[in-house]
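Below: one structure, written as structure tokens.
The values are calculated or read from the model by the stated rules, or taken from the named source; none is laboratory data. Computed from a predicted model, the values in this text were never measured in an experiment. Quick reminder, even Gly has a Cβ in these numbers, built from the backbone with ideal geometry, and neighbours come from all protein chains shown.
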Amino acid sequence: MVTPYGIKFAVHIVTSHFGNLVAKVCENLLKRGPLTLQQLVRFTELTSVQVKNSLLILIQHNCVQAFSAEQPDDIVNGQIQTQYLALFDNILHRLRFPKFLEMVSQELDKDCEQLLEGLLQHGRLTQEQMYERAKSFKSGVQNDARESFQKLVTARFIEQCPAPEPFVAEPSPDETPAKKRGAKSAKVVEVRKTLEQCVLEAAAPMEALRFSIMTNLEAENDTEMSKDSSPIMHAGEKRKSDTLELDGEFASDNKEVTLWRANFEEFIRCLRHKACVENVRARLDDGAAIVLRALLKATRAAENKVKMENSASLSLNSIFEEVMKSEAGRSMTLDRVRASLVQLGCPSSMAIDELYSVDLKNNIELARNDEVESIVLKRHGKDAYRMFRLLSKAGRLLETDKISDMTLVEKKDTPKILYKLWQDDYLYMEKVTVTVPRQLNFLLWKVNKTILYERVLDEMYHAALNLSLRTAYEMDQQKEVLAVPLAKRTGPLEKQCERIKKVKIYLESSLMKLDDAIMLFHDF
Amino acid sequence: MSRLQGPLALKRKRPDSNSPSESLTEQERILYDVIRSKQDMGIWTRDMKRETNLPDNVVNKSLKSLQAKKLIKEVVNIQNKGRKHYMAAEFEPSKEISGGAWYVEGSLDTEFIDLLKDQCAKIIYKQRVATVEGILDVIRRTGIFKVEFSTQQIEEILRALVLDNVVMDVKSNGMGEFDSIPVGKVCYICTNKGVRGEPKAGAMASIPCGVCPRINLCTPDGIISPTTCVYYNKWLDF
């Protein structure tokens, strides 16, 4: 789901990170879909060099993926052109870098975090470049960095970069109509999504290669053998030539250099697991949360996509073993673990080996409901909250009077509240007229989650954009105050400084929390 | 169902089935039979006139005399409070007319409902796990309420509490806290929010934009914008 405000927010992120020119190119790609270089030059009205440089930056930071495909217009000439596709998700992930770093420092260690930080700052790096950077921070031996690197790869937090320009066959016309269902707006998104998926699939290295360091070591040896005098400088140049194949201008002469980047998919998977665990903790208890965390941790590698409906299955013994590894889990008995699994909705008696798998989709769904319901409660009050929950649980059309009876709300107030919810797009309404025995109008109401979630998500992007704009505005307003050296900040000036500090923390932490909710609706 | 019983059903009624009605005039009898045929649904005066084909003044006169004889009564119709509804005296207004047990004089007794809801929630909180029967039993024993409740009424209150997200309905698995309750029986437990606590506000609901009624009109450079927003000013006023 890429919504209008989603694009605006993404453009805002790109603007604040890379400036206006890059943002202009990115905006065109986000709004119009994949474009060729010529098209981009035409639409942005920038010079070819400016566009090229912007693309280089975007590719370097994994925000754009190039691919070649036969253009439908040029099919006669059989020309194959390079097109550029903006990766909306990756742009938004830029907001989550602090979360990714935090996760690595918790799961691995500080050194790994530092290594990853470099990678996030630069988008893509070779192994040597990462080591070089690590050395400049810490006088430690290179072996430490190598070890950290290996840890990151084993945990799948970093991966080899995808192919710079995969060839993608145009989806055949028979394929698309099958997916064209539902609302018109959804149609457009759906079709483009599939293209994005095609491109990403085509570009991704083979699973075996993606996290393998072996190939890289060979390449490294090659480099060291031939040019051991200045491998870093050279690697940097090669990095450019490898990724930035634009119209063959920089002919790629050296393919063996492997570039690494952060594996966003793994980070999002971890964040999803974390959200599920926290959700269970709030809904059930600590025990259930510990068990779910252990189960998800042990089966993480078995997940092949982020939006898994159910966790992978694990035997009771393995779950117990994993539970024992955490400090909080050590006090749990086998019976307690089994009881927690029942709490988590696992059928209690299974086959002989007692395999358990937890429904994650439902867990996420409940969290989404909570989020939407809390908005309804704040905006429309307690009665509306009850009605919305009733309709959301029922999942089918209910008549006004019935709703009034079930929620214990005054009959004449009910239509008013429902109407307000409908006006705000939280409900779907259907009018039914009965003419026998006399004309009667009935209003039926329902929650349409697909449409509602898209709307809520768009509003969240809007709110996120507002939060960051307000942060920028506040900072801009207080520029002069903040420019005053610390020692001279006295009296009212000090107060102002205190206020701005508070405002900043408030706004930024709200944005981070809101981002969790955005991920809940978009990524999980 | 009774709504559909028209003149046809009426014909099958034996006119001598009720003794006080013997002293009625012809018109009064016709009118009374129509009203009585509607049972606990009652009938609107205009519908009466249409069904009996009697002139207005006759209907009005007959209604008065029937009321005086205590054969019919006027009732409030929750659907349409402005319309005069009559019903034979032996019937109690149906749920459709009165609005159900929670309505008094045609309006919802919210105070009473809130009180009862509060009590139910407290009972569940104390007992940790409670069934409808258990709750009803406690209410009866403590005698907080002078009126008698039916199981259905308590169920309705509990359903509202579930929708309020104060309690949760779960099926007993017969283990642990549920050991005194048969397996599969629906019972109620408190949600983690406790008895009175508001549900935790979500990320969106805790910032101004989440509750902003004007978010659709808000644009970065518009008249309503995040930099000029009054809600933000209030929110960030430290």
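When only residues in the range B:72-122 that are touching a Lys or Arg at 6+ places or on another chain (Cβ under 8 Å) and of a type in the set (S, T, N, Q) count, which is surrounded by the most Cβ atoms within 10 Å (Cβ to Cβ)?
B:77
Please verify whether residue A:467 is under 19 Å from residue B:208 (Cβ atoms), buried (at least 16 other Cβ atoms within 10 Å of the Cβ) and of a type in the set (A, V, I, L, M, F, W, C), treating the condition exactly as stated.
On the way: under 19 Å from residue B:208 (Cβ atoms): yes; buried (at least 16 other Cβ atoms within 10 Å of the Cβ): yes; of a type in the set (A, V, I, L, M, F, W, C): yes.
It is true that residue A:467 is under 19 Å from residue B:208 (Cβ atoms), buried (at least 16 other Cβ atoms within 10 Å of the Cβ) and of a type in the set (A, V, I, L, M, F, W, C).
When you go through (1) at pLDDT below 85; (2) closer than 16 Å to residue A:263 by Cβ one by one for residue A:157, which number turns out not to apply?
The single condition residue A:157 does not satisfy is (1).
Of the conditions (1) modelled with pLDDT under 85; (2) part of a helix (DSSP H, G or I), residue A:490 fails just one. Which one is it?
Here residue A:490 meets the rest and fails (2).
Identify, please: which residue in the range B:202-222 is assigned to a helix (DSSP H, G or I) and under 19 Å from residue A:420 (Cα atoms) and is, among those, farthest from the other protein chains (Cβ to nearest Cβ)?
Of all residues in the range B:202-222, those assigned to a helix (DSSP H, G or I) come to B:208-211, B:215-217.
This time we only want the ones that are under 19 Å from residue A:420 (Cα atoms), so: B:209-211, B:215-217.
Working: B:209: 4, B:210: 6, B:211: 4, B:215: 6, B:216: 9, B:217: 11 Å.
Step by step, filter the range B:202-222, then rank; the result is B:217.
Report yes if residue A:411 is within 11 Å of chain B (Cβ to nearest Cβ), assigned to a loop (DSSP other than H, G, I, E, B) and either buried (at least 21 other Cβ atoms within 10 Å of the Cβ) or of a type outside the set (Val, Ile, Thr) (or both), otherwise no. Spell out how you get there, then give the answer.
Numbers: within 11 Å of chain B (Cβ to nearest Cβ): yes; assigned to a loop (DSSP other than H, G, I, E, B): yes; either buried (at least 21 other Cβ atoms within 10 Å of the Cβ) or of a type outside the set (Val, Ile, Thr) (or both): yes.
Taking the combined requirement at face value, the residue satisfies it.
Does residue A:320 satisfy the condition of being out of contact with any Lys or Arg (no Cβ under 7 Å at 6 or more places or on another chain), under 25 Å from residue A:425 (Cβ atoms) and aromatic (Phe, Trp, Tyr)?
Spelling it out, it is not the case that residue A:320 is out of contact with any Lys or Arg (no Cβ under 7 Å at 6 or more places or on another chain), under 25 Å from residue A:425 (Cβ atoms) and aromatic (Phe, Trp, Tyr).
Failed condition for residue A:363, given (1) surrounded by 15 or more Cβ atoms within 10 Å (Cβ to Cβ); (2) over 26 Å from residue A:513 (Cα atoms), with all others met?
(2)
So residue A:433 ticks every box in (1) more than 11 Å from chain B (Cβ to nearest Cβ); (2) in a helix (DSSP H, G or I) but one. Which box is left unticked?
Every condition holds for residue A:433 apart from (2).
Can you name the condition, by its number, that residue A:275 falls short on among (1) modelled with pLDDT under 90; (2) buried (at least 18 other Cβ atoms within 10 Å of the Cβ)?
(1)
Output the number of the condition that residue A:266 fails; it satisfies all remaining conditions of (1) under 18 Å from the mean Cα position of the chain (by Cα); (2) at pLDDT below 90.
(2)
Return yes or no: is residue A:301 surrounded by fewer than 19 Cβ atoms within 10 Å (Cβ to Cβ), over 15 Å from residue A:364 (Cα atoms) and small (Gly, Ala, Ser)? Spell out how you get there, then give the answer.
Numbers: surrounded by fewer than 19 Cβ atoms within 10 Å (Cβ to Cβ): yes; over 15 Å from residue A:364 (Cα atoms): yes; small (Gly, Ala, Ser): yes.
In short, yes.
Scan the range A:380-408 for residues that are touching a Lys or Arg at 6+ places or on another chain (Cβ under 9 Å), part of a helix (DSSP H, G or I) and at the interface with chain B (Cβ under 7 Å from one of its Cβ atoms) and jot them down.
Passing the criteria: A:390, A:405, A:406, A:407.
Any chance the range A:419-437 includes a residue that's out of contact with any Cys (no Cβ under 6 Å at 6 or more places or on another chain), basic (Lys, Arg) and over 30 Å from residue A:515 (Cα atoms)? Full working, then the answer.
Initial filter on the range A:419-437 (out of contact with any Cys (no Cβ under 6 Å at 6 or more places or on another chain)): A:419-437.
Now restrict to residues that are basic (Lys, Arg): A:420, A:431.
If we keep only those that are over 30 Å from residue A:515 (Cα atoms) too, we end up with A:431.
Yes: the range A:419-437 contains one or more residues that are out of contact with any Cys (no Cβ under 6 Å at 6 or more places or on another chain), basic (Lys, Arg) and over 30 Å from residue A:515 (Cα atoms).
For the range A:71-81, indicate whether the set of residues that are outside the structural domain of residue A:150 (by TED's automatic domain parsing), in contact with a Phe, Trp or Tyr (Cβ under 7 Å, 6 or more places away or on another chain) and of a type in the set (A, V, I, L, M) is non-empty. So that I can check it myself, show each step before the final result.
Quick first cut of the range A:71-81, residues outside the structural domain of residue A:150 (by TED's automatic domain parsing) only: A:71-81.
Next cut, in contact with a Phe, Trp or Tyr (Cβ under 7 Å, 6 or more places away or on another chain) only: none.
For the range A:71-81, residues outside the structural domain of residue A:150 (by TED's automatic domain parsing), in contact with a Phe, Trp or Tyr (Cβ under 7 Å, 6 or more places away or on another chain) and of a type in the set (A, V, I, L, M): absent.
What number of residues in the range A:436-456 are within 22 Å of residue A:9 (Cα to Cα) and within 10 Å of chain B (Cβ to nearest Cβ)? Step through it out loud before you land on a result.
Residues of the range A:436-456 within 22 Å of residue A:9 (Cα to Cα): A:450-456.
Next cut, within 10 Å of chain B (Cβ to nearest Cβ) only: A:456.
Count: 1.
From (1) facing chain B (nearest Cβ under 10 Å); (2) over 16 Å from the mean Cα position of the chain (by Cα), pick out the condition that doesn't hold for residue A:513.
The failed condition is (2).
Restricted to the range A:37-54, and to residues that are of a type outside the set (A, V, I, L, M, F, W, C) and loosely packed, with under 15 Cβ neighbours inside 10 Å, which residue is nearest to residue B:209 (Cα to Cα)?
The residue in question is A:45.
Among (1) closer than 28 Å to residue A:152 by Cβ; (2) under 25 Å from the mean Cα position of the chain (by Cα), there is one condition residue A:282 misses while meeting the rest; what is its number?
Every condition holds for residue A:282 apart from (1).
Having 2 or more residues that are within 12 Å of chain A (Cβ to nearest Cβ) is the bar; report the helices (runs of 4 or more DSSP H) wholly within the range B:55-150 that clear it. Give the steps one after another, and end with the answer.
Details: elements: B:56-68, B:95-98, B:110-127, B:132-142.
By residue number, B:95-98, B:110-127.
Checking residue A:445 against (1) in contact with an Asp or Glu (Cβ under 9 Å, 6 or more places away or on another chain); (2) of a type in the set (Phe, Trp, Tyr); (3) in a helix (DSSP H, G or I): exactly one of these is not met. Which one?
(3) is the only condition that residue A:445 fails.
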